[in-house]
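Novice: Just dropping this structure here.
The values are calculated or read from the model by the stated rules, or taken from the named source; none is laboratory data. All figures in this text were calculated on a predicted structure; none of them were measured in a lab. Positions of Cβ are backbone-derived with ideal geometry, glycine not excepted, and every protein chain shown enters the neighbour counts.
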Amino acid sequence: MNVSATNIILHSLNYNDEGVLQCKMREGELPISPSIEQFVMDLHRNYQSKSNKAYAYFADESEKSPLFQRALTEELNGELDFVGFSQQAAARLVEELKKHDFAEEGVLLISKYSWTTSDYLFIALLQNNQSISVNENLELKVSQHIETSKIQLVARIDLTLLKRSPEANRYISFIKGRVGRKVSDFFLDMMGAKEGFDAKVQNQGLLQAVEEFCEKQALPTEEKQAVREVTSNYCKEQLKEGQDIDLSTLSNEFESTSSLEGSFYDFVSEDYQLEENFPADRSLVRKLTKYVGQGGGMSISFDQKHLGSSVKYDEASDTLTIQGIPPNLREQLKRDALIDSDDVVLQSATEDESKAPF
């Protein structure tokens, strides 16, 4: 399913000769065309694939400046045109970045588009990079291109959720820095927003609930793995479609497993503080069906169904035995004359590394 773009405009942020950040503002929107919609679709897909998104909402006016919020409200109500709104947003971002020592330049893109059943406002600072190509005269040609695959400074507002549930704490999403305070946080300052909903906590709670539900049912290993597979497949499909996990729907998916007794939805409702709907976290969904661990120069990942068959773990000796290793890995090892059989035994070098979270 493709996006349907309604508005898009670009502004340019750069430093002048005096080292002052300035914004060159466009005076009109870009006309919507198939190539523009494809460009927005590429940005949307890349943003959807990001696993380190966080969620926020507009803060109280007493806590942060309401200028962005007021301009957005006026634009949504038809009191301010999209160009005027985008210029106010650009000015707010420049003002915020000037307060901090971040040399952020690039093309500021602001767009409104629809996808599935929701309307979105997308704000991103994109890098304008140079590329070299060869023309028909076999001459080198230098051109500019916008990098869409490595977007980091970006925020998106779910306008439909904002209108339907203004009291919600998750209608703003953004890419969160992994360590410390990142430039992305200043997007929140520009919008007058603060972090709210924690999707990782919800996903961790779901994983715990699935495991404990299986334990309560006293399921054998194979049936427990089947429940994990159902959960994983459902979450992956929701990620693909850009939809939230719905606990009621997931519970209905479990009903196809005939050996289960009772409702998963009722089980979760009793003891777990989970929202009815929440976004799936790609990194945590992987843990439903895979063991993953890294440390000491090693990175190991395998499907849980292999444990006890082609993969065996001896807790006493802290040894992992893999029988029938992947052919491409076997060839690499044989090439370097490290092994001469199809079995490889991995044992941690130190006591500290033995606790890698497979």
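Novice: Residue 310 fails exactly one of the following numbered conditions: (1) modelled with pLDDT under 55; (2) within 35 Å of the chain's Cα centre (by Cα). What is the number of that condition?
Specialist: The one condition residue 310 does not meet is (1).
Novice: Another question, if that's okay. Would you mind stating whether residue 237 is part of a helix (DSSP H, G or I) and over 27 Å from residue 273 (Cβ atoms)?
Specialist: Values: part of a helix (DSSP H, G or I): yes; over 27 Å from residue 273 (Cβ atoms): no.
When the stated conditions are applied, residue 237 does not pass them.
Novice: Another question, then. Residue 278: in contact with a Leu (Cβ under 7 Å, 6 or more places away or on another chain), buried (at least 18 other Cβ atoms within 10 Å of the Cβ) and of a type outside the set (Lys, Arg), yes or no?
Specialist: Values: in contact with a Leu (Cβ under 7 Å, 6 or more places away or on another chain): no; buried (at least 18 other Cβ atoms within 10 Å of the Cβ): yes; of a type outside the set (Lys, Arg): yes.
Spelling it out, it is not the case that residue 278 is in contact with a Leu (Cβ under 7 Å, 6 or more places away or on another chain), buried (at least 18 other Cβ atoms within 10 Å of the Cβ) and of a type outside the set (Lys, Arg).
Novice: Taking the stretch 78-109 on its own, how many of its residues are in contact with a Phe, Trp or Tyr (Cβ under 7 Å, 6 or more places away or on another chain) and either assigned to a helix (DSSP H, G or I) or β-branched (Val, Ile, Thr) (or both)?
Specialist: Count: 4.
Novice: Out of the residues in the stretch 270-294 that are farther than 24 Å from residue 46 by Cβ and either at pLDDT 85 or above or in a loop (DSSP other than H, G, I, E, B) (or both), state the one that is farthest from the chain's Cα centre (by Cα).
Specialist: Out of the qualifying residues, it is 272.
Novice: Now for a different question. Could you give every pair whose Cβ atoms fall below 9 Å, whose first residue belongs to the stretch 14-27 and is in the same structural domain as residue 128 (by TED's automatic domain parsing) and aromatic (Phe, Trp, Tyr), and whose second residue is modelled with pLDDT under 85 and exposed (fewer than 12 other Cβ atoms within 10 Å of the Cβ), counting only separations of at least 6 or pairs across chains?
Specialist: 15/103
Novice: For the stretch 28-60, which positions are at pLDDT 85 or above and either part of a loop (DSSP other than H, G, I, E, B) or not assigned by TED's automatic domain parsing to the domain that holds residue 111 (or both)?
Specialist: Listed by number, the residues that qualify are 28, 29, 30, 31, 32, 33.
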